[in-house]
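**Student:** The structure's right below; bear with me while I get my questions together.
The values are calculated or read from the model by the stated rules, or taken from the named source; none is laboratory data. What you are looking at is a predicted structure, and each value in this text was computed from that prediction instead of being measured. Backbone-built Cβ (ideal geometry, glycine too); neighbour counts: all protein chains shown. Ligands, DNA and RNA are stripped out before the accessible areas are found, and what is left, the full protein with its side chains, is counted by its heavy atoms. Shrake-Rupley method; radii C 1.70, N 1.55, O 1.52, S 1.80 Å.
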Amino acid sequence: MPTIPWDQVREVVDAVLGLPSDQRSPYLDQACPQPAVRRYVESLVLSYEQAGQFLGEPALAGHVESLAQSEPDSWQGRRVGPYQVTEEIGEGGMGSVYRAIRVDDQYQKQVAIKVVRSGFDTRFALNRFKAERQILANLEHPNIARLLEGGSTEDGQPYFVMEYIQGQPLDQYCDNHKLTITERLRLFRTVCSAAQYAHQNLVIHRDIKPNNILVNADGVPKLLDFGIAKILSPESSTSPLIQTMTMVRLFTPEYASPEQLLDEPITTASDIYSLGVVLYELLTGERPYRFTTRKPDEIARVVADTDPEKPSAAVVRVEESNDIRGESVQRTLETVSGTREGSPEKLRRRLSGDLDNIVLMALRKEPQRRYASVEQFSEDIRRHLEGLPVIARTDTFGYRSGKFVKRHAAGVTAAALVVLSLTVGLAFALREAKIAREQRARAEQRFNDGRALAKSNLSEFQDAIQNLPGSAAARHLVIQRTLAYLDKLSHDAAGDREIMRELAAGYQRIGDLQGNFSGPGIGDSGAALESYRKAWTIRESLAAASGHDLAELKSEISLLHSYVRTLLVTGNTRDALRMATQQLALAELVAQKQPNDRDSIMDEARAHIQMGWAQGGNGSSSSTRQLTEAMQHDRQAIELLTPLVNQSPDSTPLTGMLQSNLDLAYHLRKNREFETSLKVYDAIWSKTNGLQRLPIVAQAIFYNHRARLFDDMADYVRADKDNRKSWEVAQSLLKADPDDLVNKINAAGNLGTVGIDEARLGHVLTGKKKLDEAIKIGEQMLADNPYELFYKDLLLIGYSYRGEILCSMKDFPAALQQYNRSLTAATEIAQHDPGDLESRLNIAKLHAALGVVHARAAQYPEAKQEFNIARDNFQELLRLRPQDAEVIYASKATQDAMAVVANCSTQRPCKGVREMKLPKLNN
Amino acid sequence: MASAAPKTLTELLLASSQGDQNALDEVMPVVYDELRRLARSYMRRERPGHTLQTTVLVHEAYLRLLGQDANWANRSHFFGIAAKMMRRILLDHAKSHGRAKRGGGAVKVTLDEPAIYSKAPDMDLVAVDEALQRLEQVDQQRAQIVELRFFGGLSAEEISEVMNLSTATINRQWAGARAWLYHELKPKE
């Protein structure tokens, strides 16, 4: 045994093993002068060379077989009621499945018994299990495996007994019996009827594949293993409708739809997709996608991003491949057609045209673009069989490349769009002012009455919601009560469409309130998202049951609109883009059905605006490509709205027109096309008669936006002018309605902006005075309304401005104090809404700012400390958003600053400190 | 609402990754159970002769157990646990089936032959495990790499995620660890 301690030599060993053999000796001459050590190292090297395949393959590889076989099975031979278990036949979603015989029966009837496995999270598993039992009990169809009975063992393990289906998987059956295409299609249609039946009973199978479709000796196919089926109706005894949504990812990747693989909402369309894969396989002998590994990520990428070959082309290709099961398979047209249609050419011709289109339609990546129901799918096949025209059409260019489901780069940033900044809180006012003002009655009295909340009846609540009190505390209370009510209602919703509609609308409205969109400021967006998600879940299930009728579509669009907006506001740009794409698809669908309808055009335009917003993101970290796409959407919206604006004096299309133009100008600005951006502003100016046609709030927004453009163009004089104009409007609004919180906050915000601009332009004292006043108003409002994060947001920026001014006045202790206050506010906001990366970015910047101030004050150790914290924060953000230009820029600035102070170790002023820039918070 | 509600696997995973030994003790049997079952179901599904990829097994166990909570942050930690569990599973199996030859010199190899074919029953897992335990005494890091790679089937990239080391470092140290282990296990001249 060697007595040389390993830790002395390990580095040497690693190093020498990495060298080619002729270099080893000279290396060891240097590294191991002592002979004993060298001998030891050399013996290790020798061992390494002798090791060959030692540990070459993972240990599991050789042992799985025996491992699998040796597993003791406690259920074998067991008596379960009148049955005796004979063997295990498989692993279901939540437990094992056994074959059993009925012992007291002369016919020895065979059944399948499914049990929940013991162990992890039994409660969860039990609920799922009970739910599955419930589903199957409800499903009675000749082509679905029937539930016979259920029970529990002595030790409390629940099980249920099902019809035992002895048969072959669908694909094998078809091949073994050499069924023609027509026969296969007929068989497939039978399977479709089973799936359709399930959908009508609000059940989505989620794991349709040939192994789950067994065909018995009589040629009857049976759909089985609803083990991971998504239940759309709530379980009677436990959690509400919504909680059944949390499902473990249990499905077969090769048959799974893009949305399943990407963990996105599942609908009946997902089953249609899986059926499409099955059909593809029945027709061609192979699956639409080929994978080299079985890794979920790889499969998801292939399915989401590539297009399947059309069936008639797929059969023609000669292929030798190792399929997933490891077998070498030579597939030619001959072998495939041998089991299908007889002659190769005949097979190809049979498949091309309609059948190609039918299969591909089911396989479309966007759920809405597939067949609307299994029935429709099946009917199209029938039409084909009868020689009638089919619905399915060749896919048009615009949709072909699976744009919908593209993975978005990690470099999508947090939101905090211009429209959110406190000084542009006017945007909120503009978007929502109309609704808010009309519906937000002075209901304080009513609230105090308690009448609105007295009866627990949905319409009462709706009433209360409609005329919500202005005070945030009251609003909060109503929200809580309503939520409790809705959750309770979801228990009774069970399949009742009317109630489900009410529920969805209720959750949506609650979401609106939680997001505070009908009032000032940003509220609990996390909660709002949750509510929207619930609403969306319900909408989907309604769509599943009743298809895509117009009314439902419109409700969905309206919900998506709020949902997407909230997603954007909270920085969930990837999800927002996904949902916005759905919103657009639905809006286009409606527009198709109602081509000249004003509302549908508005919806379409709005969807484009949201797409633009989602694509263009935070601008500073959107690529040119993204910004260009965003601008395309903006322009589309403009195009859609232009005729409307000309036709009607109604302000709604005008608002939309303004919004899309402003967005266009914004995206242009972010893409640094300043001149073009300015032209858009000029166009707005002239079209609205110098803004006279616009409501006053809109005017203020215009000035605000344009001020930023001038800022970017370094034309501070014009920027200042526009800021002041905006402020003027804000003041006049305030004068007109001094109690209106929105007005107040906007006035304060504008005042602050004007103040800091003044200071930056050199008029420090007057600027500071304005800023101080603005902050005072903000503090007052926050004291009155502690729920309103929006005020904290304003103060956060205000304090940082003040810090900036004080720093320039060389009052460093005071500057530090202000920045620290800002930091406190930012931290509170970040805690409140963890999804908001923008506030975390602000926190990082504030630490950097503190560092700069300390540096200016020649307090170098403190400066270094702050910079370190800032750097750590930036690193964290970069990890989450690696390509975010804003973060990269700010992070680099901090690094540069750190480099400067690294050399400052005395209390004397240090070179480079004066040039350090104070980071500007996101505005 | 109920603070006494049983913790989800994700919560346990998080707690154990932060050093909570109790949480780790709770998590382990669950992962163990899952991996074992998956192995069995794979064998039933796949055609004989197919080489099962350990990493796929681990991935699938991970997704099945964590479902929606699956994200990169707890994935690394999970893999670390899974590797330990695989080790335990295989060892329990090897021991209980008496295939193990005990003692030193259990690794049959000569200079010319490629050493161990994975299907050969001669691979004495028990001996390897014992040697690995000895390595753990003197070099925790390299031993962990071996555990992750050999028992967990993880690639160098995946290991680097778990251990926060560069893949270059991992490959280097893997070589050294192999040398050390083989040195321990080879028939003594």
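**Student:** Of all residues in the range A:708-722, which are open to solvent by less than 10 Å² (accessible area, probe 1.4 Å) and touching a residue at least 24 places away in the same chain (Cβ under 8 Å)?
**Tutor:** Once the filter is applied, which keeps residues that are open to solvent by less than 10 Å² (accessible area, probe 1.4 Å) and touching a residue at least 24 places away in the same chain (Cβ under 8 Å), the range A:708-722 yields A:709, A:719.
**Student:** Got a sec? Which helices (runs of 4 or more DSSP H) wholly within the range A:552-657 have at least 2 residues that are more than 28 Å from residue A:510 (Cα to Cα), modelled with pLDDT under 80 and of a type in the set (Ser, Thr, Tyr)? Spell out how you get there, then give the answer.
**Tutor:** On the way: elements: A:573-593, A:598-616, A:624-647.
Passing ranges: none, list empty.
**Student:** Please work out which one of (1) within 15 Å of residue A:54 (Cα to Cα); (2) in contact (Cβ under 8 Å) with a residue 40 or more places away in the chain; (3) within 9 Å of chain A (Cβ to nearest Cβ) is the condition residue B:179 fails and give its number.
**Tutor:** Exception for residue B:179: condition (2).
**Student:** Could you say which residue among A:383, A:370 is of a type outside the set (A, V, I, L, M) and without any contact (Cβ under 8 Å) to a residue 24 or more places away in the chain? Reasoning before the result, please.
**Tutor:** Working: A:370 fails: without any contact (Cβ under 8 Å) to a residue 24 or more places away in the chain.
Just one listed residue meets the conditions, A:383.
**Student:** Which condition number does residue A:685 fail, the rest of (1) surrounded by fewer than 21 Cβ atoms within 10 Å (Cβ to Cβ); (2) aromatic (Phe, Trp, Tyr); (3) over 18 Å from residue A:663 (Cα atoms) being met?
**Tutor:** (3)
**Student:** Check residue A:350 against each of (1) modelled with pLDDT of 90 or more; (2) surrounded by 20 or more Cβ atoms within 10 Å (Cβ to Cβ) and name the one condition it does not meet.
**Tutor:** (1)
**Student:** Quick check on residue A:768: is it open to solvent by 70 Å² or more (accessible area, probe 1.4 Å), charged (D, E, K, R) and modelled with pLDDT of 85 or more? Don't jump to the end; show me each part of the working.
**Tutor:** On the way: open to solvent by 70 Å² or more (accessible area, probe 1.4 Å): no; charged (D, E, K, R): yes; modelled with pLDDT of 85 or more: yes.
No, not satisfied.
**Student:** Quick check: anything in the range B:152-162 modelled with pLDDT of 90 or more, open to solvent by 10 Å² or more (accessible area, probe 1.4 Å) and within 11 Å of chain A (Cβ to nearest Cβ)? If you could, list the steps in order and put the result at the bottom.
**Tutor:** Within the range B:152-162, the subset modelled with pLDDT of 90 or more is none.
No: the range B:152-162 contains no residue that is modelled with pLDDT of 90 or more, open to solvent by 10 Å² or more (accessible area, probe 1.4 Å) and within 11 Å of chain A (Cβ to nearest Cβ).
**Student:** A further question follows. With respect to residue A:676, determine if the residue is touching a residue at least 40 places away in the same chain (Cβ under 8 Å) and open to solvent by 10 Å² or more (accessible area, probe 1.4 Å).
**Tutor:** No; evaluated as a whole, the condition is false for this residue.
**Student:** Of everything in the range A:508-535, what is open to solvent by less than 10 Å² (accessible area, probe 1.4 Å), modelled with pLDDT of 85 or more and out of contact with any Phe, Trp or Tyr (no Cβ under 6 Å at 6 or more places or on another chain)? Give them in sequence order.
**Tutor:** none
**Student:** Go through A:323, A:305 for me and flag whichever is at pLDDT below 85, within 23 Å of residue A:256 (Cα to Cα), within 30 Å of the chain's Cα centre (by Cα) and surrounded by fewer than 18 Cβ atoms within 10 Å (Cβ to Cβ). Explain how you work it out, then say what you get.
**Tutor:** On the way: A:323 fails: within 30 Å of the chain's Cα centre (by Cα).
On inspection, the qualifying residue turns out to be A:305.
To keep it simple, each residue is scored yes or no on (1) assigned to a helix (DSSP H, G or I); (2) among the hydroxyl-bearing types (Ser, Thr, Tyr); (3) within 9 Å of chain B (Cβ to nearest Cβ).
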residue: A:8; (1), (2), (3): yes, no, no
residue: A:11; (1), (2), (3): yes, no, yes
residue: A:15; (1), (2), (3): yes, no, yes
residue: A:19; (1), (2), (3): no, no, no
residue: A:22; (1), (2), (3): yes, no, no
residue: A:27; (1), (2), (3): yes, yes, no
residue: A:30; (1), (2), (3): yes, no, no
residue: A:37; (1), (2), (3): yes, no, no
residue: A:41; (1), (2), (3): yes, no, no
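**Student:** Given (1) modelled with pLDDT under 75; (2) in contact with a helix residue (DSSP H, G or I) (Cβ under 7 Å, 6 or more places away or on another chain); (3) at the interface with chain A (Cβ under 9 Å from one of its Cβ atoms); (4) assigned to a loop (DSSP other than H, G, I, E, B), where does residue B:100 come up short, assuming only one miss?
**Tutor:** Condition (3) is where residue B:100 drops out.
**Student:** If you don't mind, there's one more thing I want to ask. Taking the range A:263-278 as the search range and keeping residues that are of a type outside the set (Ser, Thr, Tyr) and part of a loop (DSSP other than H, G, I, E, B), which one is surrounded by the most Cβ atoms within 10 Å (Cβ to Cβ)?
**Tutor:** Within the range A:263-278, the first condition is being of a type outside the set (Ser, Thr, Tyr), and the residues that meet it are A:263-266, A:269, A:271-272, A:275-278.
This time we only want the ones that are part of a loop (DSSP other than H, G, I, E, B), so: A:263-266.
On the way: A:263: 14, A:264: 18, A:265: 17, A:266: 20.
Going through the qualifying residues, I end up with A:266.
**Student:** Picking from A:139, A:202, A:185, A:214, which residue would you name as being touching a helix residue (DSSP H, G or I) at 6+ places or on another chain (Cβ under 7 Å), more than 18 Å from residue A:83 (Cβ to Cβ) and modelled with pLDDT of 85 or more?
**Tutor:** On the way: A:139 fails: modelled with pLDDT of 85 or more; A:202 fails: modelled with pLDDT of 85 or more; A:214 fails: touching a helix residue (DSSP H, G or I) at 6+ places or on another chain (Cβ under 7 Å).
Result: A:185 is the single residue among A:139, A:202, A:185, A:214 that is touching a helix residue (DSSP H, G or I) at 6+ places or on another chain (Cβ under 7 Å), more than 18 Å from residue A:83 (Cβ to Cβ) and modelled with pLDDT of 85 or more.
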